[in-house]
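Rule-based calculations on the coordinates, nothing more; no lab input. These figures come from a predicted structure and were not determined experimentally. Note: ideal-geometry Cβ built from the backbone for every residue, glycine included; neighbour counts use all protein chains shown.
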Amino acid sequence: MTQTHKHPEHQTLPNNILLEKWADIGFHWQGEIAISEMPRLSEQTVGAGALSVVADLQKTDGVLWLNYTVTGAVDVGCQRCLEPMSFDLSGAYRLALLQSEDEIAKTDGEEFVLIDELGESARRLLPIKELLEDELMLALPLSPRHDDCDLLIESVGDEIEEEESENPFAALAALKGKFS
Ligand SMILES: [Zn+2]
């Protein structure tokens, strides 16, 4: 999690990997990925940093699985006070890469994508970094707020008034609070 950490070229997760080369023998990569390498994630977060990632592509019972194990946190802006708050993205992300819809039955309810929907070239070049970014984007909170936001504690009255204008659900929540 440091801005000055240098990533030697060969340690960077490639944007794409050759699917026909790796699908059968399996692909494994382990290292650090700077948040700045993922433009959409950068846009939704504040500050710099890096995530420790283990990426594995493996075929199991004829289905291609992409597994990412992520360790690390990003800073997102609290929607209430606008100050950064840390959000832990650590976890295991698992995704089946399907050649056709016929394979859906083999995914056992797990998350999947159809390779053809990833773009024209995906059958040849798998966008392994973009797929990781997709998973991380989905994991980000839609409306991040500090659990113990200072702004909420200091000015509860102002806050409710402010929220009524921008969020109808907040007004409802405030009403519920009064009657319960
Ligand atoms: Zn806050």
Karplus couplings for the range 60-70 from phi (6.51 cos²θ - 1.76 cosθ + 1.60, θ = phi - 60°), rounded to Hz, Gly and Pro as x?
-> 10, 6, x, 9, 8, 10, 10, 10, 10, 10, 10
Could you give me the ³J(HN,Hα) list for the range 25-33, computed from phi with Karplus coefficients 6.51, -1.76, 1.60 and θ = phi - 60°, whole Hz, x at Gly and Pro?
-> 8, x, 10, 9, 9, 9, x, 9, 10
For every other residue with a beta carbon closer than 11 angstrom to the beta carbon of His146, add +1 if it is Lys or Arg and -1 if Asp or Glu, then tell me the sum.
-> -2
Whole-Hz couplings from phi, Karplus 6.51/-1.76/1.60, listed for the range 93-99; x for Gly and Pro = 10, 9, 9, 8, 9, 9, 6
By the gyration tensor of its Cα atoms, with a ≥ b ≥ c the square roots of the eigenvalues, what is the shape of the range 103-146: rounded for a/c under 1.5, prolate for a/b over b/c, or oblate?
-> oblate
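According to the square roots a ≥ b ≥ c of the eigenvalues of the Cα gyration tensor, what is the shape class of the range 9-147, taking rounded for a/c under 1.5, prolate for a/b larger than b/c otherwise, and oblate for the remainder? Each step should come with its number before you reach the end.
Values: a/c = 2.30, a/b = 1.74, b/c = 1.32.
Prolate, because a/c is 1.5 or more and a/b exceeds b/c.
So what is the relative contact order of the range 9-147, in percent, for Cα pairs below 8 Å that sit 6 or more residues apart? Mind showing how you got there, number by number?
Values: 252 pairs, mean separation 34.7, N = 139.
Here the relative contact order equals 25 percent.
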